[in-house]
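Please treat every number below as a calculation from the coordinates, not as lab data. Computed from a predicted structure; not experimentally measured. Here the Cβ positions follow ideal geometry from the backbone for every residue, glycine too, while neighbour counts run over all protein chains shown.
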Amino acid sequence: MAGKIVINSERCKGCGLCVVVCPRKTIVISGISNKNGYFPAQTDNGDCTGCAACAVVCPEAIIEVLREGSGRVIVAIEPGKEKKPTLTKEKA
Amino acid sequence: MTERGQSSRGGDKRVLMCGNEALAEAAIMAGCDAYFGYPITPQNEISAYMARRMPDEGRVFLQSESELAAINMVFGASATGQRTMTSSSSPGISLMQEGISYLAGAELPAVVVNVMRGGPGLGNIAPSQGDYFQATRGGGHGDYRTIVFGPSSVQELADCMLLAFDLADLYRMPVMVLADGILGQMMEPIVLKEKPRRDLPAKEWALTGAEGRPQNIVRSLWLGEGVLEELNCTLRDRYEQIQKNEVICEQHDVDDAEIVVVAYGVAARIVCAAVQKAKQDGIKAGWIRPVTLWPFPIEQISKAADELRIFLVVEMSNGQMVEDVRLAVSGKAPVVFYGRPGGGVPTVDEIFELIKQLTLRSKTPI
Amino acid sequence: MTAEGLYEEIVIAGFGGQGIILAGRLLAQTAMLAGKEVTYMPSYGAEVRGGTANCMVVIAEKKIACPVVGRPDSLIVMNKASLNKFAQRLKKGGLLVMNTSLIDSEPQLDESIEIVAVPADELAVELGSQKSANMVALGAYLQKRGYLSPDAAAQALADVLAERHHKTLPVNIAALHKGGEFAQRHCPV
Amino acid sequence: MKTVFERTPTLKDCPTHYCPGCGHGIAHRLIAETIDELGIRGRTIGIAPVGCAVLAYDYLDVDMIEVAHGRAPAVATGMKRTNPDKIIFSYQGDGDLASIGAGEILHAGHRGEQITVIFINNAVFGMTGGQMAPTTMLEQVTATTPKGRTAAGEGYPLQVAELLVTLPGTIYVERCALSSVAQVRNTKKAIKHAFELQLSGAQGLSLVEVLSPCPTYWRLSPAKAMEWIESHMTKVFPLGQLKGGR
């Protein structure tokens, strides 16, 4: 587990976009609703790389992404290459 | 850039100016930062004048693509704390009503000049007072008022511009100056002199960029339960305060008059001459001239109606202000109307004859 | 008409390009500089496009009621169409100044109305500027009425003439005087 | 572990009123990130439209104004002309910008106002219940085109970006989409470029059109809505830098 995401499940509306874009398929929709009646996204972070694809598409901006290692990391996925996400270290 | 309240053209000298240009120069003196407008007769001298003068004073002039755009440019500039105005004539003012309602809802100051022409529809370009209802009842949708001035000379037109900007800022609302084609086009000698100004609060609500402070929001949308009602009540309290403090009204020889003629704007000039003629003829006549059309001089007219006398209302319309006079008189005295709509201008002789007839009739035993 | 009771309503009319508006502005400016109350009301909008032009001037010692003139005391007409349009509105005992250069017929008017017939265009041509016919007519009017002089108008002219036309000041001033002299010679008060 | 992605400060930490899978939330975030990255919160004024994003000021923590339907470019003009040092952006939907406000955007572009316009195109009126927008696709079913839009009946989808490209007053026009991670990232770059242009004092209007999903009124799941943008919308509204490359 090189990365980790934290989903604010009480604010999640269960749209499932994060589930679709996760290259490692580590996010699922919960079978238990939150207080607002939505079935939120949840994860065990099993294969998470910290690529942040889920956070990039989250309309509610409620996913925080963490990663092993030093320095800030941004996801570099160019159009047409998203099947193979790669991570690039940004200059400190 | 000249300081607010100054203009390179101000001074004590008597100058011959048309109403449209005089009000424009007065706006510059009042510190108008930006003018936005769209051409329409009979007020085109305003934008032409502003196009020449505003850049000289380091201020903004822009001809918009429509009246809709003009009033919304005013809306934008006003939201950032600038003193701003637009002008138009009747059909154009109708188009601006959306924006005026938003200004009222967002509690933004602005000055709107309406140089009225004949209507409805495209009507004609002759002078008219047909927009009294629209101006004094808000004009757009929703529960609001605008302060409305109805000046009757070029000098007064210029003077009320200064006050209009101050009251707009003081009460955070749109203020309308209601002139007509005659007043806009005619020239009279005037003196463009600085007048005493109001103390005005700082515009802490203005959108200036949220540097080191919480976000400011300017809005007219209030969806929460009861929130809009609360705003409407705040506005109502403000309107009551304005009704109490800001009425301007001129009256002459009312106390012993058997007939009181009420008129505003250019019609009031004609009435004034007709009343003088009647007095020379031995008729006890007086006249009342509302300068602020909203707030309307309810008290002054009501008080005049405490004695039994005839009220004659003269307008360049089919009868609009007469309804306010009737409300103020409240059944205490007879109210008679005489009007010339569609660009017609009453003559001194017409009014004089009517005054004679009305006062004769009241003396005739039944 | 005494100076004290002065309340003079004037209509000036002609076709576009004859300097009707300028003549009216000049009359108003002259009156203002003489300390009188004055209003000046131009015809405006669609009606001035390609056709007639007119303006209304009211000059008085006291406050002026209405700038719109229904029945003028004086009428200055520069062409026939304007004569036809306005002549019948003249007050009894009024004054008609008409440009006979462009008006060939005698108007049928109340006999109390005094007529000053000025060949304004011809007199202006004599000065080398037909465009100054308006000043000739105004000069004749001022001389005839007498409450303001052609010379006072000459002094006010620079105030109302656009700066780009200031080179025409001398000929226009000469035209004002020429009109005045014509009125004095042919229609003594 | 270190945090590599979190909510940017200018995006307020509160729930939105948008439907699940709506693109507005993403677009708001991209604008907020841009403002924070450029350090311009203290000199930015935003304009909210009438439409689903009418409450944008509840989410974007900058000075904001909410204006009449379609009039944002005129309001922006009034603001920028009197405050040339401020960064003015309008955020408008397709009903607001392309329908009732077509005149205002055209003339602001025509005059070359130095403003930034973010144009959210989701091919439908969302707020009023899924009626036809000028940008509604042919055959697309909406509340007011129950049998699908026809060219003969309602006309073709309006290509605003292409229209604005023809005006000398526009300096940068790009059409982006929120249909995938990569496209979202690309949209961010476009938005940032548009703001940077204004910051640099470039003379003219920049507009970023964003193809955005409306799962509710497209009657699609959020994931299918994203696919529909690419399979259908980009055919009529091709993506790319139409004017003024970055």
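Some notes on this structure:
- Number of partner chain Cβ atoms within 10 Å, mean per residue of D:100-106: 2
- Relative contact order of chain B, defined on C-alpha pairs under 8 angstrom at six or more residues apart (%): 17 percent
- A quarter of the convex hull surface defined by the alpha-carbon atoms of region D:147-238 gives 7.2 nm² as the mean projection.
- Candidates C:GLN155, C:GLN108, C:GLN88, ranked by Gaussian network fluctuation over chain C, Cα under 10 Å, top entry: C:GLN108
- Oblate is the label for region D:37-132. Its Cα gyration tensor axes, ordered a ≥ b ≥ c, give a/c of at least 1.5 and b/c at or above a/b.
- Alpha-carbon centroids, region D:50-79 and region C:55-73: separation in whole Å: 51 Å
- An ellipsoid equivalent to chain B, defined through the eigenvalues of its Cα gyration tensor, has semi-axes of 36, 24, 18 Å when rounded to whole angstrom and sorted largest first.
- Put a dot 7 Å past the Cα of D:THR144, heading toward its Cβ, do the same for B:LEU223, and the two dots end up 2.1 nm apart.
- Filter on B:LYS279/C:LYS80; D:LYS12/D:LYS235; C:LYS63/C:LYS178; B:LYS332/C:LYS63; A:LYS25/D:LYS224 - keep pairs with C-alpha separation over 29 Å: B:LYS279/C:LYS80; D:LYS12/D:LYS235; C:LYS63/C:LYS178; B:LYS332/C:LYS63
- Taking the Cα atoms of region D:24-243, the ratio Rg/Rh between the radius of gyration and the Kirkwood radius comes to 0.94.
- Sequence-ordered 3J(HN,Hα) estimates for region A:37-54 from the Karplus curve with 6.51, -1.76 and 1.60 and θ = phi - 60° stand at x, 8, 8, x, 6, 8, 8, 9, 6, x, 9, 4, 9, x, 6, 6, 4, 4 Hz, glycine and proline given as x.
- For peptide A:10-20, the mean count of partner chain Cβ atoms within 10 Å of a residue's Cβ comes to 5.
- Order of C:ARG71, B:ARG289 under a 10 Å beta carbon neighbour criterion, fewest first: C:ARG71, B:ARG289
- Amide H contacts for D:ASN121 (H built 1.01 Å from N in the peptide plane; partners 5 or more residues away or on another chain; cut-off under 5 Å): D:VAL210, D:LEU211, D:SER212.
- Per-selection Rg to Rh, region C:7-186 - Cα, Kirkwood hydrodynamic radius: 0.93
- Amide H contacts under 5 Å for B:LEU293, placed H, 5+ residues apart: B:VAL148, B:PHE149, B:GLY150
- Gap separating the Cα centres of region B:271-319 and region D:134-191, nearest whole Å: 61 Å
- Taking the fewest neighbouring Cβ atoms within 10 Å as the starting point, the ordered list for D:MET1, D:MET64 is D:MET1, D:MET64.
- Compactness check for the protein assembly as shown: Cα Rg over 2.2 N^0.38 Å is 1.17.
- The ranking of D:SER200, A:SER30 by Cβ neighbour count inside 10 Å, starting from the fewest, reads D:SER200, A:SER30.
- Within chain B, DSSP assigns beta bridges of which about 25% are antiparallel (rounded to the nearest 5).
- Highest to lowest packing among B:323-336, B:21-34, scored as the average C-beta count within 10 Å: B:21-34, B:323-336
- Amide H contacts of A:GLY69: D:LYS2, each under 5 Å away and 5 or more positions distant or on a separate chain (H built 1.01 Å from N in the peptide plane; Pro and chain starts excluded).
- Between region B:24-77 and region C:142-189, the alpha-carbon center distance in angstrom: 37 Å
- Membrane-span-like helices in chain B, defined purely by DSSP H runs whose alpha carbon atoms cover 24 Å or more axially and whose average Kyte-Doolittle hydropathy reaches 0.5, are B:154-171.
- Cα-only Debye scattering, region B:250-363: base-10 log of I(q)/I(0) at q = 0.10, 0.23, 0.24 Å⁻¹: -0.23, -1.39, -1.52
- The relative contact order of chain D, computed from alpha carbon pairs under 8 Å that lie at least 6 residues apart in sequence, is 19 percent.
- Summing Lys and Arg as +1 and Asp and Glu as -1 over all other residues whose Cβ lies under 9 Å from the Cβ of B:GLN129 gives a net charge of -3.
- For chain D, share of DSSP beta bridges that run antiparallel, in % to the nearest 5: 20 percent
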